[in-house]
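Down below is the structure, laid out as structure tokens.
No value in this document is a laboratory result; all are computed from the given coordinates. The model shown is predicted, which means the values in this text are computed figures rather than measured ones. All Cβ positions, glycine included, derive from the backbone under ideal geometry; neighbour counts span all protein chains shown.
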Amino acid sequence: GAGVSQSPSNKVTEKGKDVELRCDPISGHTALYWYRQSLGQGLEFLIYFQGNSAPDKSGLPSDRFSAERTGGSVSTLTIQRTQQEDSAVYLCASSVDRGLGNIQYFGAGTRLSVL
Amino acid sequence: QKEVEQNSGPLSVPEGAIASLNCTYSDRGSQSFFWYRQYSGKSPELIMFIYSNGDKEDGRFTAQLNKASQYVSLLIRDSQPSDSATYLCAATTGGFKTIFGAGTRLFVKA
């Protein structure tokens, strides 16, 4: 694909429901990242996957958040029992391993609104 | 807590002036530093990255890194109204984990 693809672009859900957000990285990119961006704020690191290594989950805010990456490509971020404070834009990025210069390419994001 | 700090701004400069954006980081193990530009409602896009002390120039943009002071800056020469955006500083430590600052909003007045 031409770039990182995220779906859905917008998601409105009710408090307490589960949601799944999808990210399709650039073909050949070995690293995949998830970030959360609240209105007017910077990017909050959530998790990253690199090749076959165990993911770095250190940024996940609670055990309601989980992510998986299947076949080293597509990733799904799942939020269980959503809360209003989960409302934000969720951004996915991917990169190629170039040592010190791992440039991340971002998708357009999923805007999550929890009512 | 590993942090990247930026002045939130807004920083306002007249067209044609030099805009100077600054960033400090707390983790001395940070190895690579990135400047991303984010237009309102859009995703971040890379402007420059730097990992050696000193200056790195690319067109109107110059990134500066001082590891002793844990300080990174971005200079934009001949600022244009189209440069008006939020500029995010990011630091990568030991691999892929990247910590972003909250961003500095820049306004370039025509």
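See the values below:
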quantity	calculated
For residue A:17, residues with placed amide H under 5 Å, excluding near neighbours	A:82
Three semi-axes of the equivalent ellipsoid, chain B, Cα gyration tensor, whole Å, largest first	23, 15, 12
Nonlocal amide H pairs with residue B:27, under 5 Å, H built at 1.01 Å	B:3
Label zone at residue B:27 (point 7 Å along Cα-to-Cβ), backbone N below 14 Å, segment B:88-110	B:90-101
Among A:86, A:63, A:18, residue whose mean-square fluctuation peaks in a GNM of chain A (springs only between Cα atoms under 10 Å)	A:63
Derived scalar couplings ³J(HN,Hα) [segment B:42-54; Karplus, 6.51 cos²θ - 1.76 cosθ + 1.60; whole Hz; x for Gly, Pro]	10, 8, x, 9, 5, 9, 7, 9, 8, 9, 10, 4, x
Cα→Cβ-extended label distance, 7 Å offset, between residue B:57 and residue B:11, nm	1.9
Förster-model FRET efficiency, 41 Å R0, residue A:73 and residue B:109, C-beta, rounded to 0.05	0.35
Added length on full extension, which subtracts the Cα-Cα distance from 0.36 nm per residue, residue A:2 to residue A:84	26.2 nm
Cα convex hull volume per residue for the protein assembly as shown (Å³)	124
Choice from B:46, B:74, B:88 showing the highest fluctuation, given a GNM over chain B with Cα pairs closer than 10 Å	B:46
For segment A:31-115, Kirkwood radius (reciprocal of mean inverse C-alpha pair distance, Å)	13.5
For chain A, built as a Gaussian network whose Cα springs stay under 10 Å, the top-fluctuating residue of A:54, A:88, A:67	A:54
Peptide B:37-47 - average C-beta neighbours from other chains (10 Å radius)	4
Per DSSP, loop trypsin sites (Lys or Arg not before Pro) in segment B:1-77 with at most 11 further Cβ within 10 Å	B:28
Per-residue mean of C-beta atoms belonging to partner chains within 10 Å, peptide B:96-105	6
Residue-averaged beta-carbon neighbours from other chains (10 angstrom radius) around A:73-84	0
Relative contact order of chain A, pairs being alpha-carbon contacts under 8 Å that are 6 or more residues apart, as %	38
Calculated FRET efficiency for the pair residue B:66/residue A:62, C-beta based, R₀ 25 Å, to 0.05	0.10
